[in-house]
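A quick write-up on the structure given underneath.
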There are 2 protein chains.
Amino acid sequence: MAVNVLVVLAKGFEELEAISVIDVLRRADCNVIVAKVEANVEEKLEFKNDILDSNLIVESQKGVKVVADKFLNAVDCKSLDGIVFPGGWEGTQNLIASSILKEVLEKLNAKGKIIAAICAAPLALFKHGILKEQSFTCYPSIEKMIENPHYKADSNVIQEGNVITSRGPATALEFAFYLASVFVGKQKTKEIQAEMLAL
Amino acid sequence: MAVNVLVVLAKGFEELEAISVIDVLRRADCNVIVAKVEANVEEKLEFKNDILDSNLIVESQKGVKVVADKFLNAVDCKSLDGIVFPGGWEGTQNLIASSILKEVLEKLNAKGKIIAAICAAPLALFKHGILKEQSFTCYPSIEKMIENPHYKADSNVIQEGNVITSRGPATALEFAFYLASVFVGKQKTKEIQAEMLAL
């Protein structure tokens, strides 16, 4: 059974954080679904299976245009094993503004599925009602906006329960390898680290 | 004066290597042009300035679809300060197959502009007539296909003259920071490294 992981992209996402996770998890043979999140606009859009819809393009913080696989409302959330939020300040604001995303998170959290965020994006988890009590990390200064006393500045990646957080662009690859170890195990992750010259 | 850097993407490019360079160099305020390279097909395509042309989409090794800014034949090569080749085996083969790219490289090399490649892509430099004599590095085993005795296995990034090479996905961020230091200097690069939590 393939592991299904949703990576959510909203305008202004941090590109290195998103691509590190997508690259590593696809090397780990996870089924990574890249979904576009817009502040409730996606509710109005019809999903077209075979036609490139230019509305599926999401522009990153530094202007990289990525074509998402789907709109968020076209994703079959029941099959998901986890969800990953890349950071970027504007991207995080756009993740916060999506009520559809809030619903998806609540469903995944209720089932104990993996919920992961890096950089500014742990703030989106908090705003959507996750990350109230768990130990976490994030981009320095973002923790001041998160009303949770369990911020840890000294780890690049932290997991408590089903919530995994990380710090920023330079820790993105470590975050991606950590996620791979959770989804496919340490042995396969080591093989991917070796293939990517990380060992 | 902005520094103009061309990043060339061909089908099958290694996404983390491409995005690391684009992200870091744009943070360094370089004008990064992302150009699509196809094996001579681009000669036939008309460049449309304002309209999204779905032909501009380039699919990475692990299926990330990136919309390039331009086709290679629409790039003003006279203004370029450097060119960067991300790796990926299939991407490298497609870079090798482009005669337009060969011409661009020859012009840049004649002017001593920066020519950089990572992972499998140093092979494309060699096949296009660059990297005959300089010290270099690349993804392990690729050096066997490059008829140049000056392969170095012990450095993540090597520069000799105007040619800069690096090893693979896990060294991509170091490669990107090295390029930034060449294009905008060490001080600004340190600021970006700090901002990205790499220091």
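The values are calculated or read from the model by the stated rules, or taken from the named source; none is laboratory data. Keep in mind the model is a prediction, meaning the values are calculated, not measured. Backbone-built Cβ (ideal geometry, glycine too); neighbour counts: all protein chains shown. Surface accessibility is based on the protein's heavy atoms, side chains included, excluding ligands, DNA and RNA. Shrake-Rupley method; radii C 1.70, N 1.55, O 1.52, S 1.80 Å.
Quick rundown of the values:
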item	result
Residue tally, condition over 27 Å from A:E15 (Cβ atoms) and of a type outside the set (S, T, Y), over region B:141-177	14
Given (1) open to solvent by 10 Å² or more (accessible area, probe 1.4 Å); (2) within 12 Å of chain B (Cβ to nearest Cβ); (3) in contact with a Lys or Arg (Cβ under 6 Å, 6 or more places away or on another chain); (4) not charged (D, E, K, R), number of the condition A:N94 does not satisfy	(2)
Residues satisfying the stated conditions in region B:118-151, i.e. within 14 Å of another protein chain (Cβ to nearest Cβ), among the hydroxyl-bearing types (S, T, Y) and open to solvent by less than 30 Å² (accessible area, probe 1.4 Å)	B:T137
Segments classed as helices (runs of 4 or more DSSP H), wholly inside region B:122-199, with at least 3 members that are closer than 19 Å to A:A172 by Cα and at pLDDT 95 or above	B:172-184, B:186-195
Of residues in region A:159-181 being of a type in the set (A, V, I, L, M, F, W, C), crowded, with 24+ Cβ neighbours inside 10 Å and in contact with a strand residue (DSSP E or B) (Cβ under 7 Å, 6 or more places away or on another chain), the one nearest to the other protein chains (Cβ to nearest Cβ)	A:A172
Selection within region A:60-73 - more than 14 Å from chain B (Cβ to nearest Cβ) and open to solvent by less than 30 Å² (accessible area, probe 1.4 Å)	A:F71, A:L72
